[in-house]
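The next block holds one structure in the form of structure tokens; read it before the comments.
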Amino acid sequence: MAAVSHLFTLAYVAELLGEGEDWLHEISIEMEPEDGLIGVYGVGNEYTLAFTDFGIENLRQLVEIHKQDAARDAQAAAGEHSTG
């Protein structure tokens with residue numbers, strides 16, 4: 001595995017993927033440092049998440065999983081309403 005030479009902030013990745021920062025932050029909780037997620041601390045309480053290239057790909061997969069789950073839940077709910 002190659003050494004990490006650059007990181008992408010959560011804000012950058014949100015823009016790149018066309019998703020909301022808050023939602024990406026919420027689903028990134030499932031990730032570990034081995035998945036390409038790194039917490040970056042600044043002065044005071046300043047904190048942001050950053051992702052390696054590998055982390056962006058892992059996050060992209062999580063986004064797809066969560067969207068598929070949401071679509072499945074919506075279909076199930078629609079089915080319940082149409083039969084009820």
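Choose one answer from GLY42, GLY18, GLY55: the residue with the largest mean-square fluctuation in a GNM of the chain with alpha-carbon springs under 10 Å.
GLY42
What residue among LEU59, LEU17, LEU37 has the largest mean-square fluctuation in a Gaussian network model of the chain, using Cα springs under 10 Å?
LEU17
Which residue, VAL43, VAL13, VAL63, has the most motion in a Gaussian network model of the chain that connects Cα atoms within less than 10 Å?
Residue with maximal mean-square fluctuation among VAL43, VAL13, VAL63: VAL43.
For the stretch 37-49, take each phi angle, set θ = phi - 60°, evaluate the Karplus expression 6.51 cos²θ - 1.76 cosθ + 1.60, and give the result in whole Hz per residue in order, putting x for glycine and proline.
9, 9, x, 10, 9, x, 5, x, 9, 5, 8, 8, 8
Fully extended, how many nm does the chain gain between ASP22 and ASP73 (0.36 nm per residue separation, minus their Cα-Cα distance)? Mind dumping the intermediate values first?
Working: separation 51, 0.36 × 51 = 18.36 nm, distance 2.08 nm.
Extending this stretch completely gives an extra 16.3 nm.
For helix 53-83, report the angle its Cα long axis makes with the longest principal axis of the Cα atoms of the chain; keep it between 0 and 90° and round to the nearest 10°.
20
Taking N as the number of residues in the chain, what value does Rg over Cα atoms divided by 2.2 N^0.38 Å take?
On the way: Rg = 16.2 Å, N = 84, 2.2 N^0.38 = 11.8 Å.
Relative to the rule-of-thumb radius for its length, the chain sits at 1.37.
Tell me, SER28, SER5 in order of fewest to most beta-carbon neighbours within 10 Å?
Ascending number of Cβ neighbours within 10 Å: SER5, SER28.
Laboratory data are not the source of any read-out in this text; all were calculated from the coordinates shown. None of these values were measured; they are calculated from a predicted model. With ideal geometry, Cβ positions are generated from the backbone for all residues, glycine too; neighbour counts draw on all protein chains shown.
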